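Q: Quick one: this structure, given as structure tokens, is what I'll be asking you about.
Each reported figure results from applying straightforward, stated rules to the coordinates on display, with no laboratory input. Since the model is a prediction, treat every value here as computed from it, not as a measurement. Backbone-built Cβ (ideal geometry, glycine too); neighbour counts: all protein chains shown.
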Amino acid sequence: MQRKSRYLIAVDTGGTFTDLAVYDARTSKTFFGKTLTNYEDLVAGVIECLRDAGTDLSGARLLKHGTTHVINGFIQRTGARVALVTTVGFRDILEIARGSRPVPFDLGYRRAPPLVTRDLCFEVGERITCDGDVERPLDVTALERLIPELRRCGVESIAISFVNSYRNSTHERKAKEILQRLLPNLFVTTGSELSMEWGEYERTSTVAANAYVGHRMRSYIRDFEKKLRERDFSGSLYMMASNGGVMSGSQAIAHPVALLESGPVGGCIGTGAYASALKLDRLIAFDMGGTTAKCALVEHGRFDVQTTYYVGGYEHGFPIRAPVLDIVEVGAGGGSIGWLDSQGRLKLGPRSAGSEPGPICFGRGGTEPTITDASLVLGRIGSENFLNGRLALNRERAAHAIEQQLAAPLGYSGSAGVDQVAHGLLELAVVAMTAAIKEITIQRGRDVRDFALCAFGGGGPMFGAQLARELGIPTVIVPPNPGAFSSLGMLVANARRDFMRIFIQALSDESLTRAMGVVAEIEEEAREAARSEFDVSVLTFEREVELRYRGQKHTVRVRLPENPTAASMLAGFEAGYRSRYGRVHPELVAEMIALRVGALVPMPQPDLSQLSESKAYGETRPTRRRSVYFAEAGKRVDTPIFDRSALPVGFELNGPAIIEEYSATTVLGPPDRLLVGTLGELRITCARP
Amino acid sequence: MNVTQHNLCPRERSSSSPAATDPITLEIIKAQLVAIPNQIERNIERTAFSPLVYEYKDFAVGLVDPAGRLVAQSRGSLPIFVANALGTAVREGLSILGAENIHDGDVVISNSAAWMGQHLNNVIAYSPIRVEGGLIGFFAVLVHWVDIGGSVPGSCLSSSTVDVWQEGIQLPTLKLIERGMRRSEIFRLIETNTRFPHLLMGDIEAQLGGCEAGRTMMEAIIARYGVAAVREAISIIWRDSEASVETVLRRAPQGRYHASSILDNDGVRLDVQVPVDVDVEIRDGRLTVDFSRLSRQVVGPFNAGRNGGAIAAARIACKYLLAPSTPVNEGDFARLHVEVPEGTFLSAGRGAAIAQSGSMVPTVVDTIMLALGDAFPDRAAAAHHGIYGVHSFYGHNPRSGELFQHLDTVSGGWGATAAADGPGPFRSNGHGDVPDVPVEMQEVFYPYRLIAKRLRPDSGGPGRNRGGLGVEKVYAIAHPCKMIVAFDRTLCPPWGIAGGESGQPAGVEIVRANGEREALTKGERSLGVGDSVHVMSGGGGGYGPAYERKPDAVVNDVRLGYVSAEAAAERYGVVLDAGGAFNSSATEKRRAEMRAARRIGIAHEACDF
């Protein structure tokens, strides 16, 4: 029956909108959908989108799901009540951290408080030595004695982390087995399940974080799948992981921190796909949604993945050992609320109206003016065409609220005054978003002007050209269906599982032969896992060896070919080392430290050239005209409005103009120039400021 | 008020020509001048061979101008090195060699006691940056070399040397690389004089690699944006920093301020205290730190030279109080003047023992900040634990059959402020982003185990806002080895302010296999199998009278185990019943007694200053 199912579905649930992409394997066509996120029933939004696309869940072969739940759980501190169980002597490990102050001169410096308070940190007798020997057996009686206390404290999740468990995890596994048996409803997780690297603080922080989000994510994923099944879904559910691949629902339940940046990663995968197709070496993936704006770099088709991610930033946050894409996020989205502070100054965000109650113009109970309201008032978005007219926007109500709540108290009057204040709100958003783009480029040592900006999300295309102009970025790319672009990226994502084995041996032809034997074992294990997780056994593998000079801590990863030789591996190591550090040391011993195998389950994928409705010929006249306020002009301008789906490939246009489509609106400023590219993408050439 | 300004760092006085470079380019150059040292910092971490460098991060990376003035320093560089360590080495080189004799492709190293005034392990390497024949500056990397000879493994770790020649070899401006060619005789000299050639020679390669890669990256951005634009960006960096410091100083109450504290002893004459008297003056947008009344130099190794001691301490305090949030550069110190006679323990003369050159600095910095508490009441903090707390182990490692040595320092509580409880545990104010070496890594490398690493209840100074807690570490010795400790501030524990009380001092206790105990603060001991060592760091001082602390906060401290029920009653006057419930009437009674005692002056600081 799986063979009959023809649809591949990707669903990205954001704070405000749920985006959906559906690929029909029979026709090779892709459809998109977008609805307001329904927190009561997330699956209802999916069904609604599918109905728009003329299908339902019964025809689905698989569904990939990305969510911002995990990162939001940390940021809003809405996770579980966690208990930490450590080796005796180490209950304060999270609070002591590593004793450093990453902000060197701030007398008031402090870290974000640990996810587990000290009264919920417990010790049990046990000790593994650094060689992996059991020095002191696990004190099972002491562990069992904790049970009443854990119950009394209302603990929902338990994190177990023992010193040296990276060498021998039996005590952690045994403790988990006991606690899980006695407390079957709790979410129990261990450090060694998540990371087999040394460094007790980072591993403990990782497992505490996993416990913190694990309790809720388990219910979330189970509930989501149950609702899908109730609606005749018979395919497989996959969750989008922060490493750029998808994982099975059961794997995600055990390892929820892997979903940390589950939402934004889709847009980066999509940007990478377009970067390759359009042969653009350097792109900034810029995603503006309802709640936040996010940016990441895509260089040579790839985005940067960090192996240790600091939730809340390196300076104040806590580490998680999991592969996560490198991303900068600011609280500026379409739902960000404009307000006056106690001194009567205009401020924006970080509060967002989200989907409930949403911006005022949605007419769903919102009372505070947002970026979307200001954009509507200024004519940058139209009132009839939002979500294909499914949500009519109330311009008068938005203008009235801006006038009453912001313009009048600030001393502005009349419609010109409302325009000025609405424009001020947009300027505040631009300041926040340019700062984020500078952080991901300039502060990473890159010149922002060497990049093109790929603008997507519901708000990205509206601000892309203006941001580019501020930063001196010459080109903006708006892909087709920008509002559902993250879900398209998920559709393109393969399933990926990463495996790692410690393998410490000096590099030689003999040791490489042994290494290949271990790699073969890992691959068999991966096939086994793929059979149970993805029901496939044909995989492709990315094999890498971590090499270093003996005595160093950090490594350089080198690709492992089918028939490696010590000489070719050494050459690869030296090339990587030289490109990073500018030199090599032939006199030192190069040794292998770890073998890594990325197992990829290829999935059928849409063809990018089929995604655009743009054809060789089409309608090139504006569908209508509207009065739109442009900062560049400092006033309202009578502006032509185009329907994107009608514009032919090769069409060129000078600003000002507005290009409307189902999921987003692209704003072309008076000095900008537009070209419809070969994949239907909008290419905006921005004038120098 | 119209006052003549004395700028230590010159401004570009080309006022007739408007700024030549557009603001976005200037911003990019400024960001890259900081981003490059930050990237090289990561490179060094990733290519180093000793945990002291790749985990503990005892190094600094920066760019100085042709006169040795600091343009940018990496984020993780330790505060103790903002004392112009990088620039001082360059100035020594300029005075010995002259700029014209520091050639393209050279890497010069120095650790000379006379110029640097810091323990000899701190070796600076720098390389000239030239574009189109013009000298733009030097890219400099300081690394704490793991061993450079001297009387004990680790070189700078003894608490009882009496001259600098017992502390290692000096490398007073030597070219390690000349026009791109390695000078093998210098490498040989170094390799012969260290106990850990594999670790050190590897770390030196990381240091050289950082120097050369930093220089190349700097040359690339200068070539891209032009010499004039880069110079303009540098002068703007300095000008902005100087202006913001000046603004803070002009707003502060003008006047002369004083504070004093005490160091326990010099490690040799254990019964002689070392007073720390500082005078500070704020006037006309300038800050003067006057060390004229500081104790004379001492016999033991708790001295520093003028640059590594007096200037370092004054600059660190200046940065903490006046410009904490921006990257460090020379402009931060343009308004600072340091007055120090020759021969104090922070301006020690030729030959003075300086192995523990940084150890006194946190106390001196805290004392300067105590003096300025009245000038900046909202920035004032009670004292932090205040010591490096060096504790090092060395001996033969049975696993490798080789000599091992591990240098560690303590993390302890920081001081409370008017706004909040003291944070921590963190290292001293002379350290920045200096992380502990993981226990799991130490156990692989060294023949001991750590059987506990935990907070010390009741160590934070009581107050309306409580001081941060100290930490206790317990080592179980698995193979005979030696330990050297250099602790201090037991006679003058971390003080409270505004009526707050002091935190508990730091200490080390050895528990022998036969049960005998010995407490010590400075000295070297042999350890045997079955011995254990307790290393305890101090707590931060409190802010405001303890009996004014909200009872809820005290009850919560007891619940979390930061404060014992006994201390809650005794020190805070908050009485809990046996079951842990808050007893309001007993609390009122106890607090009334404490208020009365306070009025008649029973409670006073342990440390007289």
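Q: Please provide three numbers in whole Å: the alpha-carbon extents of the stretch A:454-554 along the principal axes, with the largest listed first.
A: On the principal axes, the stretch A:454-554 reaches 58, 40, 18 Å in Cα extent.
Q: Efficiency by 1/(1 + (r/R0)^6): what FRET value for B:Ser95 and A:Ala571, r their Cβ-Cβ distance, R0 = 60 Å, to the nearest 0.05?
A: 0.85
Q: Considering only chain A, what is the antiparallel percent among its DSSP beta bridges, to the nearest 5?
A: Details: 89 of 124 bridges.
Antiparallel bridges: around 70 percent, rounded to the nearest 5.
Q: Determine, at each q value in 0.12, 0.19, 0.20 (inverse angstroms), the log₁₀ of I(q)/I(0) that the Debye formula gives when each Cα of the stretch A:189-344 is one equal point scatterer.
A: The Debye formula, applied to the Cα set alone, gives -0.65, -1.22, -1.27.
Q: Please give the average number of partner chain Cβ atoms lying within 10 Å of the Cβ of each residue in A:581-593, rounded to a whole number.
A: 3
Q: Where does chain B land on Rg/Rh, using Cα atoms and the Kirkwood Rh?
A: Rg/Rh: 0.99.
Q: If you don't mind, there's one more thing I want to ask. Picking from B:Asn122, B:Tyr562, A:Ala254, whose Cα lies most toward the positive end of the charge dipole for the protein assembly as shown (charges on Cβ: Lys, Arg +1; Asp, Glu -1)?
A: With unit charges placed on the Cβ atoms, the residue in question is A:Ala254.
Q: Would you mind checking the stretch B:441-481 for residues with the amide N under 16 Å from a putative spin-label position 7 Å along Cα→C-beta of B:Ala597?
A: Answer for the stretch B:441-481: B:462-464.
Q: Ok, one more. Counting only other residues whose beta carbon sits under 13 Å from that of A:Val545, what net charge do I get with K and R as +1, D and E as -1?
A: +3
Q: Report the Cα-based extents of the stretch B:356-495 along its three principal axes, largest first, to the nearest Å.
A: Cα extents, longest axis first: 57, 30, 28 Å.
Q: Please compute the modelled spin-label separation between B:Arg350 and A:Arg181, points set 7 Å along Cα→Cβ, answer in nm with one decimal.
A: Going by the 7 Å Cα→Cβ label model, 7.7 nm.
Q: Return the sequence-ordered ³J(HN,Hα) values of the stretch A:599-610 in whole Hz as given by the Karplus equation 6.51 cos²θ - 1.76 cosθ + 1.60 applied to θ = phi - 60°, using x for Gly and Pro.
A: After applying 6.51 cos²θ - 1.76 cosθ + 1.60, I find 9, 10, 9, x, 10, x, 9, x, 8, 4, 6, 8 Hz.
Q: Across 5 Å bins from the origin, how do the percents of Cα pairs in the stretch B:257-354 run, short distances first?
A: Once binned at 5 Å, the Cα pair distances of the stretch B:257-354 give 3, 13, 22, 22, 17, 12, 7, 3, 0.
Q: Straight-line reach from B:Lys319: which lysines have a Cα under 30 Å away, not including same-chain ones fewer than 8 places off?
A: Those lysines meeting the cut-off are A:Lys438, B:Lys30, B:Lys57.
Q: How much of the calculated P(r) for the stretch B:454-582 lies past 21 Å, in percent of all Cα pairs?
A: That tail contains 48 percent of the Cα-Cα pairs.
Q: Here's something else I'd like to know. Over the Cα atoms of the protein assembly as shown, what Rg and Dmax result, in angstrom?
A: According to the Cα coordinates of the protein assembly as shown, Rg and Dmax are 32.1, 96 Å.
Q: Same structure, new question: Of B:Thr161, B:Ala67, B:Ile237, which is farthest towards the positive pole of the stretch B:23-243's charge dipole, taken about the Cα centre with +1 and -1 on the beta-carbons of Lys, Arg and Asp, Glu respectively?
A: B:Ile237
Q: If you don't mind, there's one more thing I want to ask. Report the extension gain between A:Asp638 and A:Glu528 in nm, rounded to one decimal, defined as 0.36 nm multiplied by the number of residues separating them, less their alpha carbon distance.
A: Length difference between fully extended and current span is 33.3 nm.
Q: When the C-alpha atoms of the stretch A:336-429 are aligned to their principal axes, what extent does each axis show, in angstrom, from largest down?
A: Projected onto its principal axes, the Cα set of the stretch A:336-429 covers 40, 26, 21 Å.
Q: Let me ask something else. Amide H of A:Phe642 versus every other amide H placed in the peptide plane: which residues, excluding those fewer than 5 positions away on the same chain, fall under 5 Å?
A: Amide H to amide H, under 5 Å and 5 or more residues apart or across chains, A:Phe642 pairs with A:Thr623, A:Ile658, A:Ile659, A:Glu660.
Q: Turning to a different aspect of this structure: Rg and Dmax of the stretch B:32-132, Cα atoms, in Å?
A: That works out to 13.4, 40 Å for Rg and Dmax.
Q: A further question follows. Bin width 10 Å, origin at 0, all Cα-Cα pairs of the stretch A:495-601: what percent of pairs per bin?
A: 15, 45, 27, 11, 2
Q: Scan chain A and note any complete DSSP helix (H) whose C-alpha atoms cover at least 27 Å along its axis and whose Kyte-Doolittle average is -1.0 or more.
A: Qualifying helices, which must be both long enough and hydrophobic enough, are A:414-440, A:509-534.
Q: Next question. What percent of all Cα-Cα pairs in chain A falls into each 10 Å bin, going from 0 up to the bin containing the maximum distance?
A: Calculated P(r), rounded to whole percents: 3, 14, 23, 25, 19, 11, 4, 1, 0.
Q: Could you list which residues have their amide H under 5 Å from that of B:Gly422, counting only those 5 or more apart in sequence or on another chain, with H placed in the peptide plane?
A: Residues meeting the amide H criterion: B:Ala416, B:Thr417, B:Arg466, B:Gly467, B:Gly468.
Q: What is the local net charge at B:Arg293, summed over the other residues whose Cβ is closer than 13 Å to its Cβ (Lys, Arg +1; Asp, Glu -1)?
A: -2
Q: Ok, one more. Tell me the label-point distance for the pair B:Glu588, A:Arg550, using the 7 Å Cα-to-Cβ offset, in nm and rounded to one decimal.
A: 7.5 nm
Q: While we're on this one: Given the -39500 (n - 2.57) contribution per DSSP H run of 4+ residues, what per-residue ellipticity at 222 nm results for the protein assembly as shown, rounded to the nearest 500 deg cm²/dmol?
A: On the way: 29 runs with 379 residues, N = 1298.
After summing the helix terms and dividing by residue count, I get -9500 deg cm²/dmol.
Q: While we're on this one: Sort B:Phe139, A:Phe224, B:Phe393, A:Phe499 by Cβ crowding within 10 Å, fewest neighbours at the top.
A: Final ranking by Cβ density, sparse to dense: A:Phe499, A:Phe224, B:Phe393, B:Phe139.
Q: What spacing in nm lies between the two simple spin-label points modelled at B:Thr326 and B:Arg42, each 7 Å away from Cα in the Cβ direction?
A: Here the answer is 2.6 nm between the modelled labels.
Q: When B:Arg231, A:Arg559, B:Arg466, B:Arg42 are ordered from fewest to most other Cβ atoms inside 10 Å of their Cβ, what list results?
A: Sorted ascending by nearby Cβ count, the order is A:Arg559, B:Arg42, B:Arg231, B:Arg466.
Q: Can you give the net charge of the other residues whose Cβ lies under 13 Å from the Cβ of A:Lys34, counting K and R as +1 and D and E as -1?
A: Charge balance near A:Lys34 sits at -3.
Q: Within 10 Å of each residue's Cβ, count the other Cβ atoms and sort A:Lys176, A:Lys635, B:Lys522, A:Lys29 from fewest upward.
A: Fewest-to-most ranking of A:Lys176, A:Lys635, B:Lys522, A:Lys29: A:Lys635, A:Lys29, A:Lys176, B:Lys522.
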